[in-house]
Structure formats: structure tokens, C-alpha cells
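So the structure is just underneath, and the comments pick up after that.
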Amino acid sequence: MKVIHELCDICGTCVAVCPVDAISVSEFIVEIDNNICTNCLNCLKVCPAKAIEEGE
Amino acid sequence: MIKDRYDVVVIGAGPAGSVAARYAAENGASVLMLERDREPGIPVRCAEGVSHNGIAPFIDIDKRWIASQIDIAMLTSPNGESALMHNNGIGYVLERRIFDTALCELAAKHGAQLVTKANALDLIKENDKIIGVKYRYMGKTREVKCDIVIAADGTESRVGRWAGIKTAVALRDIDTCVQYTLAGLDIKKDTCEFYFGNEVSPGGYIWIFPKSDSTANVGIGISGHLSHEKGPREYLDKFVAQKFPNATITYTVYGGVPTAATLEEIVKDNIMLVGDAARQVNPITGGGVVQGMIAASIAGKVAAEAIKKGRFDAKFLKKYRKEWDKTLGNTQKIMHSMKEKFLFMTDERFNNLVNFCKKIPSDKFSLKALFTEAVKGDPKLMLDVAKSFVVSKIKLK
Ligand SMILES: Cc1cc2nc3c(=O)[nH]c(=O)nc-3n(C[C@H](O)[C@H](O)[C@H](O)COP(=O)(O)OP(=O)(O)OC[C@H]3O[C@@H](n4cnc5c(N)ncnc54)[C@H](O)[C@@H]3O)c2cc1C
Ligand code: SF4
Ligand code: SF4
């Protein structure tokens, strides 16, 4: 999974639904660790800003 | 100066974090609050609607953080019919940027210390026991030791995960939201509006919360399991284009509201979760400010008591859980079952519901009447709803 930083609002909604804690957040950036991600697509479905896409 | 050790470290300075910090400090604990953002309360991810009775126990009402006073709620069904509700008590649309800071200041006044731009990275553990927090501040990674961590880190709720608590919510238990603050409107300053329907806002609603007679927070939350092809913004844009074609968007914000029941585990040895992090939001309205403050006041007091007694084990901290369940947690569970009903309601049912409400004189129309009608046909839930209103009346006055 990949965060499109230009669209991301750093709202944390994706983090709330990630079953494996693959997503980290700082004041400025949200990142997905693809070594942990299981490709369940939860984050992509709920992201209100449509800032997540498949791929690394 | 930031010390190396405090009795309690609170992560997150939203309403829940500030209230927890305040009650812990007021009752004798030394408290540090870590906030990732540069200022508490921004960015504002909130429609800013609260009830007077909800916030009054925690802070003196101050016009600096009140944008408007709400006396009327208007519910609109998919077929465009509206019902007005008058007697639900006074509500406010806040300026949360100022409100959240005021709550922090109150915590500071009682002795808590706040550090902004401090991002918690992990819990520090020794033989599996939580003994502090690792955080990033001013370009450096630092450590602070403590006996109790209070996780008030909002929707994302990562701190709980670091403690081994399952905080992830199901897709149907998160509302995915977008909100515009609109200017150039001609609206009633004392009326909050709600729009329902599967074409309007599947599994949620659109709100108009006025901040003045020409500006308002206009937003939408749709259920996570119904958002994929079409996200919340598509629905909101359609609504705004029809209703306010000439408005100017002065602020855009995205967010997620957990509309679950409280997590099974909100305490463990040396840690308590409060607010959105513990999933304590009202699952029907999506309101979490007051609920978080109520939970946090309990957690803060229990933390201070724990420090005095030197008891940081889950068994002692469970006092918080017990008190929360008695105060609101049990009611929230019922609300969650009701939300499930709303989630699968047909447009026809929404139409009938608003039609029913229209027949009640607006000064007699209350949430209780609405909910009772909504769960008609489900005797168990009806009974639960009736009970929950008795309980919340006593507890929330
Ligand atoms: C669009 C929208 C509309 C809403 N409308 C309403 C409404 O009208 N009325 C209502 O009552 N509720 C509403 N809510 C819900 C309400 O905003 C939340 O329930 C409330 O803010 C929760 O308070 P909190 O203190 O638990 O968390 P938050 O207010 O989210 O605060 C959490 C804080 O923790 C900080 N943080 C997170 N992680 C870290 C970390 N690792 N280190 C340091 N700091 C960290 C964050 O920066 C943040 O400041 C709405 C929510 C949304 C998204
Ligand atoms: S849900 Fe979307 S906008 Fe929000 S933090 Fe995640 S990627 Fe960014
Ligand atoms: S796809 Fe699933 S596992 Fe991967 S980051 Fe998104 S929510 Fe987490």
C-alpha cells in the first residue's frame, strides 16, 4: 500500500482500521510499512481523502 | 524544563487528554502531556457541536470559544420532509481551536505540564512492564519515565497497540468524514440540521452546524463498510452544490469517527486509554468530545489515587473501567446496537420515522421519542433504550 502524500490530510482514519499496525503517523507524514502490511485494503476503503493506493 | 520522570504521562492533548491531565494533577499527581501538533485543537477535525450540560461540569462557559448557541435540531428524511426538535437542552457550536487550548490551560493551572510538537513513538518497557514513553521532540528522540501512561491519542489509537491492546475497529464501526466550513450562507444561527438517507449519506448523515448566520460546518460521515467506490466527498459535494451553490469553502478537513462500543480492554498494568483512543464516542451521533471528557475525568482521578497508593496494576486501574461502564459505557453499548439498526435502515423507514416525528409537537419531541420509535418492533432494544434514558438522565443531569 502507498500513501499519496499530496492528498493525505494526516487524519489517522486509516490507522484506526489497520489490523496489523502497519501505519505510522507524525505531525507531517503518514507512512505504511509494507513489510508488515497484509494488503487487507481496509485503509484504502476508508480513507476519506482517497490518499491510499495499491502498490509499494 | 521537561523532567525525566513524572507520575503520569498523558499522550495527546485533545479534550480527553487535557481533562485526564487536569484531574490527575488536581488530585496530587505530577503530570506531563505530550502533544504531537504545534498547538492543541488544530487542525480542527470536528463539527464542534456539544451540549451545555455535557461540558458545563468541566469548564466555565466562556464566549471566547462559543460560536453559536443551538436551540433547535432539524431532521430531514430522504424524501425532503423535516421535523423540528426543540426540547433537547441548549447546545453550542464551539471554536475548538480555542476550547481545546482552554482545557489545556486548565490542566496547566492545576499543575500539569504540556509539551507541544512532541510525538510519542513507543512505550518503554522493562521485563514487559511499561515504565515510560519514547518521544520525538525538537529533532531528538527522548525518554520520559512514569508509573502510569494515559493514552488519549484519538482515533488512530496507536499507543494502546504498543501496549498490546487490540484497538483496530471494524469497517462498519468507523465513519469516514469530510467537512467544509462554508461562508456566504443565509442560515439560522440557532438550528442544527441533519440529513439522512442512503443516497444522501449511507450509514451516516450530513450535518449543518452554524457558526454564525452566514457560516457553518457542513460535513458528512458515511459508514466505512459502505465507502469504497464513492467516498464521503462525492456525497458532500453533491449536497453542497444543490443546497449552497454560491458558498465559499474556507476550510476543508478529513477525519474518522469510531462508532464502536468501548474497547474490551481499556486498562492494563500501568496504562489507561481514554476518549476516541478507547472508542468512547456516542455511536449514533458520532459525538465524542463530552464522552471523552467524562471518561478522562474518571481515569485522571483513578490515576492520582493509584499514585497515592502505589498501585499501578490492571486490577486497581479497573476502577476506571467500572466507573465508566456505570456512567456511560453500558448506555453506549445499547446505543451501539441501535446504530446497527440505523445502519441498515431503508429510505422508506427513514421517511416514516421523520413523518412520525413531525406529528409530535416540537417542544415535546425528544431524542428518547425518536429512538423509541426507531427501534419499534424490537422489544428488547426498546426496553434497553428506555432504560438507557433513565440512566443517562440520572448520571448526566
Ligand atoms: C468530521 C468530524 C466531526 C465531528 N463532530 C463532532 C461533534 O460535532 N461533536 C462531538 O462531540 N464530537 C465530534 N467529533 C468527534 C470528536 O472530534 C472526537 O470524539 C474528539 O475530538 C475526541 O477527543 P480525544 O481527546 O479523544 O481525541 P482528539 O481530539 O483526536 O485528540 C487526540 C490528540 O492526540 C494527539 N496525538 C495522537 N497521537 C499522538 C502521539 N503519538 N504523540 C503525541 N500526540 C499524539 C493528536 O495530535 C491529538 O491532538 C467529530 C469528529 C470528526 C472527525
Ligand atoms: S486515512 Fe487517508 S488522509 Fe487520513 S491519514 Fe490515512 S492516508 Fe492520510
Ligand atoms: S492494507 Fe490493511 S494491513 Fe495494509 S496498511 Fe492498509 S489496513 Fe493495514
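The distance separating the Cα centre of the stretch B:26-104 from that of the stretch B:210-285 comes to 14 Å. For peptide A:17-23, the mean count of partner chain Cβ atoms within 10 Å of a residue's Cβ comes to 4.
Shown for the protein assembly as shown: cysteine residues without a partner Cβ closer than 4.7 Å, namely A:C8, A:C11, A:C18, A:C37, A:C40, A:C47, B:C46, B:C104, B:C146, B:C177, B:C192, B:C357. The 3J(HN,Hα) values that the Karplus relation (6.51, -1.76, 1.60; θ = phi - 60°) gives for the stretch A:11-22 are, in residue order, 9, x, 4, 4, 4, 5, 9, 7, x, 10, 6, 8 Hz. Gly and Pro appear as x. Only Cα sites of the stretch A:2-53 enter the Debye sum here, all with the same form factor; the resulting log10 I(q)/I(0) across q = 0.22 1/Å is -0.71, listed in q order.
The stretch B:329-362 and the stretch B:187-202 have Cα centres spaced 15 Å apart. For chain B, the longest principal axis of the Cα atoms and the long axis of helix B:347-359 meet at an angle of about 80 degrees. With contacts taken as Cα pairs under 8 Å at a separation of at least 6 residues, chain B carries a relative contact order of 21 percent. Bridging of B:K364 to aspartates and glutamates at a Cα separation below 16 Å is possible for B:D71, B:E373, once same-chain residues fewer than 8 apart are set aside. Largest mean-square fluctuation among B:N270, B:N119, B:N282, in a Gaussian network model of chain B whose springs join Cα atoms under 10 Å apart, belongs to B:N119. A straight Cα-to-Cα reach below 17 Å connects B:K63 with the lysines B:K189, B:K211, residues fewer than 8 places away in its own chain not being considered. Karplus-based coupling profile of the stretch B:17-28, in residue order and whole Hz: x, 5, 5, 4, 4, 4, 5, 5, 5, 4, 9, x, with θ = phi - 60° in 6.51 cos²θ - 1.76 cosθ + 1.60 and x standing for Gly or Pro. With r as the distance between the Cβ atoms of B:S337 and A:I36 and R0 = 35 Å, compute the FRET efficiency 1/(1 + (r/R0)^6) and round to 0.05. Efficiency, from the Cβ-Cβ distance: 0.55.
For chain B, a Gaussian network of Cα nodes joined below 10 Å ranks B:S362, B:S18, B:S68 by mean-square fluctuation, and the top entry is B:S362. When the trypsin sites (Lys or Arg not before Pro) in the stretch B:69-125 are filtered for DSSP coil states and for at most 16 other beta-carbon atoms within 10 Å of their beta-carbon, the remaining sites are B:K117. By the helix-only formula, in which each DSSP H run with n ≥ 4 contributes -39500 (n - 2.57) and the sum is divided by residues, the protein assembly as shown has a 222 nm mean residue ellipticity of -9500 deg cm²/dmol. For the stretch B:250-376, a Kirkwood hydrodynamic radius built from all Cα pairs, placed in the Stokes-Einstein relation at 10 °C and 1.306 mPa s, yields a translational diffusion coefficient of 95 µm²/s.
Mean projection of the alpha-carbon convex hull of chain B over all orientations, in nm²? Write down the numbers at each step before the final one.
On the way: hull surface 76.3 nm².
With every direction weighted equally, the projected area is 19.1 nm².
Taking every DSSP beta bridge that has both ends in chain B, the antiparallel portion is near 70%.
With respect to the cross-link table entries B:K166/B:K238; B:K3/B:K319; B:K188/B:K230; B:K125/B:K166; B:K109/B:K129, which display a Cα-Cα separation exceeding 25 Å? Intermediate results must be reported in sequence, preceding the final value.
Working: B:K166/B:K238 37 Å; B:K3/B:K319 29 Å; B:K188/B:K230 31 Å; B:K125/B:K166 18 Å; B:K109/B:K129 31 Å.
Table pairs above 25 Å Cα-Cα are B:K166/B:K238; B:K3/B:K319; B:K188/B:K230; B:K109/B:K129.
A straight Cα-to-Cα reach below 22 Å connects B:K326 with the lysines B:K268, B:K301, B:K315, B:K318, B:K339, B:K368, B:K380, B:K387, B:K393, B:K395, B:K397, residues fewer than 8 places away in its own chain not being considered.
Computed across the stretch B:193-284, the Kirkwood hydrodynamic radius from all distinct Cα-Cα pairs reaches 15.2 Å. Take the Cα of B:I360, step 7 Å toward its Cβ, do the same at B:E348, and the gap between the two points is 2.4 nm. Less than 5 angstrom separates the built amide H of B:Y205 from those of B:G221, all sequence-distant by 5 or more or on a different chain.
Overall dimensions of the protein assembly as shown, expressed as equivalent-ellipsoid semi-axes from the Cα gyration tensor (√(5λ), whole Å, largest first), are 34, 25, 21.
Read-outs throughout are calculated quantities, based only on the coordinates presented, and are distinct from any laboratory measurement. Please read all numbers here as calculations on a predicted model, not as lab measurements. Reconstructed Cβ throughout: ideal geometry from the backbone, glycine too, with neighbour counts over all protein chains shown.
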